[in-house]
Every structure is written in C-alpha cells, then in structure tokens.
Amino acid sequence: MNPIEMMNESIAYIRKYTTLTPQIGLILGSGLGSLTDEMTDSVEIPFESIPHYAKPTVEGHSGKLVIGNLNGVIVAALSGRYHFYEGYPLNVVTYPVRILGLLGVKKLILTNACGAVNMNFKPGELMLISDHLNLTFYNPLIGKNIDEFGPRFPDASEIYTKNLREVAKNAANELDIKLQEGVYAWWTGPSYETPAEIKMIRILGGDAIGMSTVPEALVASHMGMDILGISCLTNMASGILPQKLSHQEVLDVAKEVKTRFQTLVKKIVHEMSK
C-alpha cells in the first residue's frame, strides 16, 4: 500500500468520530499532554486504534489524538509522540504530522521537554525555538518525494515562522511569563549526552538539547505549515551540574511548569487564530 492510500485510511477512520476541521495543530511533549484536559466538545482517539499508527512506548506520552475546542479555536492535539530512539523509522515518527496536514492544519505548535545547554537558562523556563541543529544527520524527507505534499528540495531558511514567534513573545509579555529564545539541537537518544558532547553542542550554537521535534518540523515545513516551537527546559544538560540526569526529573519539572505552559499555549492559540 502506498503512503497516500495509508493516509486516506487513517483520515477515513478519524472522520468517523469528528467532522471538525482544525485550524491549529499541537504536539505535546513529555508531561505536557494534560493540556488536552482544557479542551471542550472534544473527541479522543487512541493512536493504536487509528490505521497505520503505532503505539508510543515512553512514559509521559499517552498516545492519543484529541480534536476539539481550545480557547475558542478548533485544534487537533497529539498527546504524546513517537521518537526515533523507540526504533521507529522517521516516516512512522512523522506520520501523525502528515495526518494533521490532511485534516486541515495550517499552523502547528510543537512542544517538548528538553535540557538547557545555554548556561544563562534555568530549569523550569520556557524557550522559544528560533532554529534547530539536526545532529542526528537523518532527515524524514529522505526517500521518494510525495509531490502532493511539497517539493523535492524544500527551503529550510525559516522552519520556525518568524511572525508566529512574535505572536508568542507578545503573548508571553502580556502574561508576564519569561520566554527565552534559542536554537534547539536534536539528539537521537535514548542515552543522555556526555559532558563532552554538550560542550560540542554549545560551541556549535545549540541552546537546548532534546530527542524530538526536528523531524516533525521538517515534515510540517515540507507541507507548507507555519510552525511554532516551544521547549520546556526541564534540566541543565549533562556536565553543567554535578547530579546525574533522569527521565523522572524531566517529568517532575514539566509537571511544575504545566500551569504556566498551558496558560501561554492557550493565549498563543487564541492570538494565532485571529
């Protein structure tokens, strides 16, 4: 079965549950999926029930598609995501992004929990993604191009849409929420980085390091979506502080930041819809 046929089957299944056309898409990272609880008149569809979806295996990623009303805007939210380190090929990792595009999403908000490389940043802060470093050297667009979605050689000079970043900054200012801005570096994981690798990433210009987001951004950009990326800085990266890193720390800090993060995203969604 070719990719278009697979996606048509996925869309047909989703349309059994809702005919809403989402304006904005959300991908919610580790510990951040509870934003879907803020949605009204919504339907929840587990990933594993949708044809051609896989089931996430990572704690903090429930794995469901939620379509409904968030702050007066129809959105499609992915509570949980797939990661390259789970063993999924990148066409599987990014498959839900393609589906969001086919559902009608034109603007996509990508969120993640990640480590701070920039030593002027602190755990618990939020970071607006201005650009990214692909340190895995894998690209989800490798292989036969789907011309219906985008060009063979897409431009990457502005993956994270400048005017959406301005919307986010204005929203953060109005809410008195500190919003850092920087470059997100993608690492395969699942091992956290070594102190030497973090030093390298800092020299290369990375401000934060994580294990997601970049392949989704590349596919969304290929489909012509406007993209906004926001990272929750859950810890200082390896070697900056004396303690070892753990996924539990990521979940704990994400939980602490949850209310502030959700308030900001809801405000951004409202402003983006205007």
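The values are calculated or read from the model by the stated rules, or taken from the named source; none is laboratory data. In this text, all values refer to a predicted model and were calculated from it rather than measured experimentally. Every residue, glycine among them, receives a Cβ derived from its backbone with ideal geometry; neighbour counts consider all protein chains shown.
The criterion of being closer than 26 Å to Cys114 by Cβ, at pLDDT below 90, under 14 Å from the mean Cα position of the chain (by Cα) and surrounded by 17 or more Cβ atoms within 10 Å (Cβ to Cβ) does not hold for Gly25.
So that you can scan it fast, the table gives a plain yes or no per residue for (1) among the aromatic types (Phe, Trp, Tyr); (2) outside any strand (DSSP E or B):
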| position | (1), (2) |
| --- | --- |
| Lys16 | no, yes |
| Leu20 | no, yes |
| Gly25 | no, no |
| Asp37 | no, yes |
| Ser62 | no, yes |
| Tyr82 | yes, yes |
| Gly101 | no, yes |
| Val105 | no, yes |
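When the range 215-274 is limited to residues that are of a type in the set (A, V, I, L, M), touching a strand residue (DSSP E or B) at 6+ places or on another chain (Cβ under 7 Å) and at pLDDT below 90, the one that is farthest from Leu175 (Cα to Cα) turns out to be Leu245. Condition (residue is touching a residue at least 60 places away in the same chain (Cβ under 8 Å) and touching a helix residue (DSSP H, G or I) at 6+ places or on another chain (Cβ under 7 Å)) applied to the range 194-207: is it met by at least one residue? Taking every residue of the range 194-207 in turn, none turns out to be touching a residue at least 60 places away in the same chain (Cβ under 8 Å) and touching a helix residue (DSSP H, G or I) at 6+ places or on another chain (Cβ under 7 Å). All of Gly87, Gly101, Gly80, Gly33 fail the test of being farther than 16 Å from Gln262 by Cα and either within 17 Å of the chain's Cα centre (by Cα) or of a type in the set (Ser, Thr, Tyr) (or both), apart from Gly101.
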